[in-house]
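Following: one structure in structure tokens, then a few remarks.
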Amino acid sequence: MEWSFCTCLHTCIIDDLLLFSQNDLLQLFQPFGVITKLVMLRAKNQALLQMQDVPSAINALQLYTNIQPTIRGRNVYVQFSSHQELTTMDQNTQGRGDEPNRILLVTIHHMLYPITVEVLHQVFSPHGFVEKIVTFQKSAGFQALIQYQSRQCAVQARTSLQGRNIYDGCCQLDIQFSNLDELQVNYNNDRSRDFTNPNLPSEQKGRSSQQPAYGDVGMHALKTTGVRGCADFGVGYPPQMPNAAAIAAAFGGGLPPGISGTNDRCTVLASNLNPDRIDEDKLFNLFSLYGNIVRIKLLRNKPDHALVQMGDGFQAELAVHFLKGAMLFGKRLEVNFSKHPNITQGADTHEYMNSNLNRFNRNAAKNYRYCCSPTKMIHLSTLPQDITEEEIGNLVEEHGTIVNTKLFEMNGKKQALVLFETEEEATEALVCKHATSLAGSIVRISFSQLQSIRENQ
């Protein structure tokens with residue numbers, strides 16, 4: 001059967017789909033663009049996804065045709081679907097697409113920061129008087145119903161805001177007209193608000209009886225304490241917003257196993273280093289996988305020890321969790337929280353706060369999503385367009401035995417995967433060759449969570 005280009009992708013998992021969640025599938029496809037719908041066909045061990053546009057679907061299919069995607073060690077197979085568009089129960093019951101109505105159904109994609117009623121009101125109120133807002137969590141993600149005083153205001157808001165980001169690079173708005181005629185709000189709190197009745201009580205402890213069909217709010221309950229600065233809509237990033245929220249959003253509403261999200265110590269102590277081969281830049285290349293680096297100090301009185309100050313306590317916790325026990329240069333790393341809250345700037349420290357090589361200044365959600373312990377496979381990006389697989393091998397072969405390589409193109413840019421025989425070899429290649437110059441391009445290297453490289457069919 002011929003499969004035509006469309007926005008819908010059909011995935012088949014040769015295993016029990018009950019073992020997997022929607023978030024598992026979302027993490028495979030979110031890097032390629034906005035996922036507008038997802039239908040799980042558990043009885044058939046299959047799922048259907050609809051991307052926002054055809055190029056996003058094509059990019060996903062091209063990569064996963066060349067590279068075998070896996071979820072929890074199980075292979076996933078991807079092809080175009082015969083469906084041109086998906087319909088879901090959620091959309092049919094709450095949204096009616098393009099038929100104008102004064103109530104909007106808003107879905108937030110790439111929710112890097114929690115979204116409260118106050119933030120939504122600040123975004124939507126410039127287009128007319130907002131009477132009521134109700135937020136909830138559904139299979140499509142975090143959603144909200146916005147009720148305007150008039151249909152004209154709702155139409156204007158949808159026209160102006162559709163597809164825009166609340167914050168720079170994240171929290172994208174997907175807006176439809178709802179088929180509801182009136183919202184019922186029983187409590188004024190950070191999950192719902194009736195702006196025509198400010199005297200409503202706040203919700204008591206325990207499960208709310210208000211809007212029972214909307215489900216739980218989940219991570220949205222994290223509060224936003226005011227606004228400052230300016231993003232797309234003049235909504236500032238919440239002061240001292242914990243990165244726990246960003247990582248929870250990146251991991252589909254939860255945190256990686258073993259991560260508490262409560263650590264506030266930014267400095268970590270790395271010990272049992274190989275003093276003959278380690279330096280500050282190599283430590284930067286490794287630790288920057290888990291957060292931005294402020295500064296690094298090698299301890300001269302203890303040559304196998306170093307202090308690394310991360311951007312915040314959450315990033316430090318990621319580094320400790322994922323790097324403890326990793327092998328590098330023949331040594332098993334010890335990584336622990338330091339008793340020092342920060343590293344004092346001095347002649348023996350290396351500064352990285354303003355380095356453009358810090359990975360989390362841009363695409364933070366994607367970088368959090370890819371945090372993992374060292375693996376046998378590295379992913380190379382920002383490569384020269386005319387590079388060959390042989391040149392990729394020449395770049396990293398001194399660091400270990402290469403089992404396989406794969407050069408591919410995504411979004412018009414050359415990228416590569418290199419599979420080593422051991423995690424230590426891959427780690428050495430990463431710390432030594434990340435940020436090196438190759439034919440005028442600065443090569444970026446990270447660990448890949450793929451288990452194998454699949455050759456072209």
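Just a few scattered comments:
- In the set (1) in contact (Cβ under 8 Å) with a residue 60 or more places away in the chain; (2) open to solvent by less than 40 Å² (accessible area, probe 1.4 Å); (3) within 25 Å of the chain's Cα centre (by Cα), the condition left unmet by GLU428 is number (3).
- Flag if LEU357 is surrounded by fewer than 17 Cβ atoms within 10 Å (Cβ to Cβ), in contact with a helix residue (DSSP H, G or I) (Cβ under 8 Å, 6 or more places away or on another chain) and of a type in the set (A, V, I, L, M, F, W, C): yes
- Residue satisfying condition, being open to solvent by 20 Å² or more (accessible area, probe 1.4 Å) and at pLDDT 80 or above, within set GLN79, GLN52: GLN79
- Considering the range 172-199, and only residues there that are among the acidic types (Asp, Glu) and open to solvent by less than 50 Å² (accessible area, probe 1.4 Å), the residue that is modelled with the highest pLDDT turns out to be ASP194.
- In the range 120-171, of all residues being among the small types (Gly, Ala, Ser) and on the phi > 0 side of the Ramachandran plot, the one that is nearest to the chain's Cα centre (by Cα) corresponds to GLY169.
- Sole residue being part of a helix (DSSP H, G or I) and either open to solvent by 60 Å² or more (accessible area, probe 1.4 Å) or among the hydroxyl-bearing types (Ser, Thr, Tyr) (or both), chosen from TYR368, TYR290: TYR368
- Scanning the range 371-411 for residues that are outside any loop (DSSP other than H, G, I, E, B) and either touching a Phe, Trp or Tyr at 6+ places or on another chain (Cβ under 9 Å) or within 30 Å of MET111 (Cβ to Cβ) (or both) returns MET377, ILE378, HIS379, LEU380, SER381, VAL396, HIS399, ILE402, VAL403, PHE408, GLU409, MET410.
- Check on GLN94, open to solvent by less than 50 Å² (accessible area, probe 1.4 Å), at pLDDT below 75 and among the polar types (S, T, N, Q): yes
- When HIS121 is tested against (1) in a strand (DSSP E or B); (2) open to solvent by 10 Å² or more (accessible area, probe 1.4 Å), exactly one condition is not met: (1).
- Among the conditions (1) open to solvent by 30 Å² or more (accessible area, probe 1.4 Å); (2) touching a helix residue (DSSP H, G or I) at 6+ places or on another chain (Cβ under 8 Å), the only one that GLU397 does not satisfy is (2).
- Filtered by the rule that a residue be open to solvent by less than 10 Å² (accessible area, probe 1.4 Å) and within 13 Å of ARG454 (Cα to Cα), the range 56-67 gives a lone residue, ILE67.
- Among the residues making up the range 431-451, those that are within 17 Å of CYS372 (Cα to Cα), open to solvent by 30 Å² or more (accessible area, probe 1.4 Å) and assigned to a strand (DSSP E or B) are ARG444, SER446.
- Conditions (1) over 24 Å from VAL34 (Cα atoms); (2) open to solvent by less than 50 Å² (accessible area, probe 1.4 Å); (3) among the small types (Gly, Ala, Ser): number failed by GLY412: (1)
The values are calculated or read from the model by the stated rules, or taken from the named source; none is laboratory data. Keep in mind the model is a prediction, meaning the values are calculated, not measured. In this analysis, Cβ positions are derived from the backbone assuming ideal geometry, glycine residues included, and neighbour counts consider all displayed protein chains. Surface accessibility is based on the protein's heavy atoms, side chains included, excluding ligands, DNA and RNA. Shrake-Rupley method; radii C 1.70, N 1.55, O 1.52, S 1.80 Å.
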